[in-house]
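Since the structure comes first, as structure tokens, the remarks are kept for the end.
The values are calculated or read from the model by the stated rules, or taken from the named source; none is laboratory data. What you see is a predicted model, and the numbers here were worked out from it, not measured in a lab. Here the Cβ is made from the backbone with ideal geometry for all residues, glycine too, and neighbour counts use every protein chain on show.
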Amino acid sequence: MELIYEANRIYINDEEGKMIAEITFPIIGDKLVDIDHTYVSNVLRGQGIAGKLMEEAMKVIEKNGWRANTSCSYAAYWKEEHPESLDLFSQD
């Protein structure tokens, strides 16, 4: 399964080119992004794909010197489960 990186988006396509998993984190301010959406198709659920997408998004966020808001409920959950990454999140 190949992760595809675009500006403020990471996703996975199936063999037919259909998007089956994605995370989006648009820029909303100066060095601030909002992790606003995660999606994993039913065929991939339960395999840790959403967590992998979060990990990769956090790498991009850190590399760019950004901080993240979490309007996506999964991102907020992941943030609570990964206190080692709290410095990459905004305080709001």
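Filtered by the rule that a residue be of a type outside the set (Asp, Glu) and on the phi < 0 side of the Ramachandran plot, region 30-41 gives Leu32, Val33, Ile35, His37, Thr38, Tyr39, Val40, Ser41.
Take the conditions within 15 Å of Ile4 (Cα to Cα) and either modelled with pLDDT of 95 or more or within 11 Å of the chain's Cα centre (by Cα) (or both) and apply them to Glu55. Does it pass? Yes: the conditions hold for Glu55. When Asp87, Asp14 are screened for being over 10 Å from the mean Cα position of the chain (by Cα), surrounded by fewer than 20 Cβ atoms within 10 Å (Cβ to Cβ) and under 22 Å from Met1 (Cβ atoms), only Asp14 passes.
Between Ala21, Ala57, Ala75, Ala50, the distinction of being surrounded by 11 or more Cβ atoms within 10 Å (Cβ to Cβ), of a type in the set (Gly, Ala, Ser) and in contact with an Asp or Glu (Cβ under 9 Å, 6 or more places away or on another chain) belongs to Ala75 only.
Looking at region 1-63, the strands (runs of 3 or more DSSP E) lying wholly inside it that each contain 2 or more residues that are more than 25 Å from Leu88 (Cα to Cα) sit at 19-24.
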